[in-house]
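For reference, the structure I am asking about is given below.
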Amino acid sequence: MRAVYPENENESNFIFTGFQSPTSRHLLRERKLFKIIWCTDLSQELIVDGGLVNLQRYQLLFCTPENIIEIPETSPELLGYLFPAEFYNLQNQKSDNGANGILFYGLDNAPVIQLEKRQQKIIEAIHILIQEEFRQKDDLQGEMLCLLLQRILFTATRVLQMNQGQHLWSNKQVDLVKRFNLLVELHFKEKHQVADYAELLSRSPKTLSNLFKKHDIPSPLKIINGRIMLEAKRLLHFSNLTAEEIGQKLGYSEPSHFSKFFKKQTGTSPLSFRK
C-alpha cells in the first residue's frame, strides 16, 4: 500500500504508505520528511529517538524530520502520511498553519494524539478522500491533498490544545508560546539562555517565565535544555561522533562544559550514557 504525489519519487511532495516493505520503512530515515503515523487497529510498538512508544488504536503520532523512527517489519496496523516542509509551509514562523510550534516543534517532542469517536470518523473520512485523490491525475491534485492534510493537522491540533489547556489561553499567549518553541528549534545549538529568546521575541525573560508558569507548562529554560538534551542523546545513540564533537556541535566550545551540563541533566556522563 503506497501512493506518491507527484509520481516521480525524486520530486515527491506527499506520500501515503504502509510500513511492511523495506522501501517504505526506509522513508522513515529521510531527514527532510515530516511524518504522521496512524495506528488503525490493535496496538503497535515502535522506537522514537531510542525510546519505546506503544501506539494504540486510533492514535496519531506526529514526528519531525529530526525524529529517528524505527518500525518493526510486521506492522500492518500502521499507516503513514509523509511530506517535506515545503508541501505545507512548515518551519516558516510567519505561517499561520496551526501546526507550527504545537504538533511539530511544540511542547512535546513527538506528540501522540488519542482520537475520540467523532474525530476517528473525521480522520477515516479524510483517509478515504486521500485515497480517492491519489487516483486523480489533474492540476488540482496537489492542492486537494494539501487541503486534506491541513484538515488532519487542524483536527489533531485542536485535540492537543484541549489536552494542554491551550483552548483557555488568549490567541496572543498561544502565539507567543508557539513562536518560542519554533525559535528554540531554530537556535538551540547556539542560544542556550532564556534571555536570548526573550530578545528575539521582544519580551523580557521574566515575562516568558511568568507566562509559562501561569499555564503550568515547562519553564522556558527547561524547554531549551530539553531540546539540547534530545539532540545530544540522538547523536550519542545514532552517530559515531565523540562526546567532544557532539558538544561542539551543540554550541559548547569547552568539552568540560558539555559534560557538566549533560551530567546535571541525566546524572551520568555522555560516555556512560552511550554504553
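The values are calculated or read from the model by the stated rules, or taken from the named source; none is laboratory data. This structure is a prediction, so every number in the text was calculated from the model and none was measured. Glycine gets a Cβ as well: all are built from the backbone with ideal geometry, and neighbour counts include every protein chain shown.
Is it the case, given these coordinates, that residue 52 is within 21 Å of residue 233 (Cβ to Cβ), without any contact (Cβ under 8 Å) to a residue 60 or more places away in the chain and either surrounded by fewer than 19 Cβ atoms within 10 Å (Cβ to Cβ) or outside the structural domain of residue 106 (by TED's automatic domain parsing) (or both)?
yes
Now for a separate question. Please name all residue pairs, on different chains or six or more residues apart, with Cβ atoms under 6 Å, provided the first residue is in region 26-49 and is within 14 Å of residue 81 (Cα to Cα) and the second residue is of a type in the set (Lys, Arg) and surrounded by fewer than 20 Cβ atoms within 10 Å (Cβ to Cβ).
39/57
So, of the residues in region 203-242 that are touching a Ser or Thr at 6+ places or on another chain (Cβ under 9 Å) and among the basic types (Lys, Arg), which turns out to be surrounded by the most Cβ atoms within 10 Å (Cβ to Cβ)?
Taking the candidates together, the pick is 233.
Whether any residue in region 233-240 is in the same structural domain as residue 190 (by TED's automatic domain parsing), more than 22 Å from the chain's Cα centre (by Cα) and not basic (Lys, Arg) is what I want to check. Even if it seems obvious, please write down each step before you answer.
Within region 233-240, the first condition is being in the same structural domain as residue 190 (by TED's automatic domain parsing), and the residues that meet it are 233-240.
Adding the requirement that they be more than 22 Å from the chain's Cα centre (by Cα) leaves 240.
Retained after the next criterion (residues that are not basic (Lys, Arg)): 240.
There is at least one residue in region 233-240 that is in the same structural domain as residue 190 (by TED's automatic domain parsing), more than 22 Å from the chain's Cα centre (by Cα) and not basic (Lys, Arg).
What's the number of the only condition in (1) touching a strand residue (DSSP E or B) at 6+ places or on another chain (Cβ under 8 Å); (2) without any contact (Cβ under 8 Å) to a residue 24 or more places away in the chain that residue 114 fails to meet?
Of (1) touching a strand residue (DSSP E or B) at 6+ places or on another chain (Cβ under 8 Å); (2) without any contact (Cβ under 8 Å) to a residue 24 or more places away in the chain, only one is false for residue 114: (2).
Scan region 183-202 for residues that are surrounded by fewer than 16 Cβ atoms within 10 Å (Cβ to Cβ) and either small (Gly, Ala, Ser) or in the same structural domain as residue 67 (by TED's automatic domain parsing) (or both) and report the count.
2
May I pose another question? Check 81, 105 and return the single one that is touching a residue at least 60 places away in the same chain (Cβ under 8 Å) and more than 20 Å from residue 25 (Cα to Cα). Explain how you work it out, then say what you get.
Numbers: 81 fails: more than 20 Å from residue 25 (Cα to Cα).
Criteria check complete, one pass: 105.
Report those helices (runs of 4 or more DSSP H) wholly inside region 201-275 carrying at least 1 residues which are among the acidic types (Asp, Glu).
Details: elements: 205-214, 220-238, 243-249, 255-266, 270-274.
It comes to 220-238, 243-249.
Hey, another quick one. Quick one: in region 115-141, of everything that is part of a loop (DSSP other than H, G, I, E, B) and of a type in the set (A, V, I, L, M, F, W, C), which residue is surrounded by the fewest Cβ atoms within 10 Å (Cβ to Cβ)?
Applying the first criterion (part of a loop (DSSP other than H, G, I, E, B)) to region 115-141 yields 115-116, 135-140.
Within this subset, residues satisfying the condition of being of a type in the set (A, V, I, L, M, F, W, C) are 115, 140.
On the way: 115: 20, 140: 10.
Here the residue is 140.
State all residues of region 6-42 that are at pLDDT below 90 and small (Gly, Ala, Ser); if no residue qualifies, say none.
Listed by number, the residues that qualify are 12, 21, 24.
Given the residues 231, 185, 244, which is the only one that is over 21 Å from residue 107 (Cβ atoms) and among the acidic types (Asp, Glu)?
Values: 231 fails: over 21 Å from residue 107 (Cβ atoms); 185 fails: over 21 Å from residue 107 (Cβ atoms).
Residue meeting the stated conditions: 244.
Is it fair to say residue 74 is under 28 Å from residue 189 (Cβ atoms) and either in the same structural domain as residue 36 (by TED's automatic domain parsing) or surrounded by 15 or more Cβ atoms within 10 Å (Cβ to Cβ) (or both)? Show your work before the answer.
Working: under 28 Å from residue 189 (Cβ atoms): no; either in the same structural domain as residue 36 (by TED's automatic domain parsing) or surrounded by 15 or more Cβ atoms within 10 Å (Cβ to Cβ) (or both): yes.
No, not satisfied.
Touching a helix residue (DSSP H, G or I) at 6+ places or on another chain (Cβ under 7 Å) and closer than 23 Å to residue 162 by Cα - does that describe any residue in region 220-231?
Step one: list which residues in region 220-231 are touching a helix residue (DSSP H, G or I) at 6+ places or on another chain (Cβ under 7 Å), which gives 220-221, 223-225, 227, 229.
When the remaining residues are screened for being closer than 23 Å to residue 162 by Cα, the result is 220, 223.
Yes; the residues of region 220-231 include at least one that is touching a helix residue (DSSP H, G or I) at 6+ places or on another chain (Cβ under 7 Å) and closer than 23 Å to residue 162 by Cα.
Moving on. Every residue in region 167-182 that is under 18 Å from the mean Cα position of the chain (by Cα) and either exposed (fewer than 13 other Cβ atoms within 10 Å of the Cβ) or of a type outside the set (Phe, Trp, Tyr) (or both), please.
We begin by selecting, within region 167-182, every residue under 18 Å from the mean Cα position of the chain (by Cα); these are 174-175, 177-182.
Scanning region 167-182 gives 174, 175, 177, 178, 179, 181, 182.
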